1. Which numbered condition in (1) touching a Phe, Trp or Tyr at 6+ places or on another chain (Cβ under 8 Å); (2) over 25 Å from R176 (Cβ atoms) is the only one that Y119 fails?
2. Is it true that some residue in segment 100-114 is under 20 Å from E170 (Cβ atoms), modelled with pLDDT of 90 or more and out of contact with any Phe, Trp or Tyr (no Cβ under 7 Å at 6 or more places or on another chain)?
3. For segment 166-178, give me each residue that is open to solvent by less than 50 Å² (accessible area, probe 1.4 Å) and closer than 15 Å to A128 by Cβ.
4. Would you be able to tell me the number of residues in segment 127-164 that are loosely packed, with under 15 Cβ neighbours inside 10 Å and among the aliphatic types (A, V, I, L, M)?
5. Return a yes/no flag: does segment 138-146 have any residue that is more than 14 Å from the chain's Cα centre (by Cα), of a type in the set (S, T, Y) and assigned to a helix (DSSP H, G or I).
6. In this structure, does W122 turn out to be open to solvent by less than 50 Å² (accessible area, probe 1.4 Å) and either in a helix (DSSP H, G or I) or in contact with a Cys (Cβ under 8 Å, 6 or more places away or on another chain) (or both)?
7. Inside segment 68-115, can you point out the residues that are farther than 26 Å from R145 by Cα and either in contact with a His (Cβ under 7 Å, 6 or more places away or on another chain) or of a type in the set (A, V, I, L, M) (or both)?
8. Looking at segment 99-116, which of its residues are exposed (fewer than 14 other Cβ atoms within 10 Å of the Cβ) and either in contact (Cβ under 8 Å) with a residue 24 or more places away in the chain or of a type in the set (A, V, I, L, M, F, W, C) (or both)?
Amino acid sequence: DRAVDRVVQVVSPRWANERRRARASSALEETSGRAGRTAHKRVSAGTPDRALEQNLDEMREQSRELVHTDGHAEALLRKHTDHIVGVTGIHPSPSATAADTGLTAEEAEEWNRACLRAYTRWATRKWADATRHQTFAELQALMLRSKDQDGEVFVHVVRRKDAPISVCLELIEPERVA
């Protein structure tokens, strides 16, 4: 095989490179134990945006399958979510000042405390979720995980009149958006 590779390299360097790439891809599939749908695949030539347009559904399916079948991929997503969102989620730090608002210093401090109380009340109960199943921290974790796994996530802001704070969020899977 090496003699053939040397002859091919002299006659057609491009063909020799393709043979090397195919051999490396085959070796990768064998060592990873993932022949089939999640095996290393070449995408069509062109711009990255064009490749995404043509292969997005397939890439999303492969990503989901990989997360479900590979403990390393699952652990990577979980760790990333834990480090970014954590248990309590990403939360604001109100910082209104007297100079910015025209309030007195005491009023600005009270405003900051009131904003934080309102946010905490909204975020720690299940009022942030349009379906009333998750807290805001849980929604943040799901949003980040969906973005990492599927490449995107959509959020629809909904107003509900049956809650003390009417703003809530509905997460929409990318497949539902046409």
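The values are calculated or read from the model by the stated rules, or taken from the named source; none is laboratory data. Everything quoted here is computed from the prediction, not taken from an experiment. With ideal geometry, Cβ positions are generated from the backbone for all residues, glycine too; neighbour counts draw on all protein chains shown. Accessible surface areas use protein heavy atoms only, side chains included; no ligands, DNA or RNA. Shrake-Rupley method; radii C 1.70, N 1.55, O 1.52, S 1.80 Å.
1. Among (1) touching a Phe, Trp or Tyr at 6+ places or on another chain (Cβ under 8 Å); (2) over 25 Å from R176 (Cβ atoms), Y119 violates only (1).
2. no
3. S166, V167, C168, L169, L171
4. Matching residues across segment 127-164 total 3.
5. no
6. Here the answer is yes, as W122 does meet what is asked.
7. A96, A98, A99, L103, A105, A108, A114
8. Those that are exposed (fewer than 14 other Cβ atoms within 10 Å of the Cβ) and either in contact (Cβ under 8 Å) with a residue 24 or more places away in the chain or of a type in the set (A, V, I, L, M, F, W, C) (or both): A99, A105, A114.
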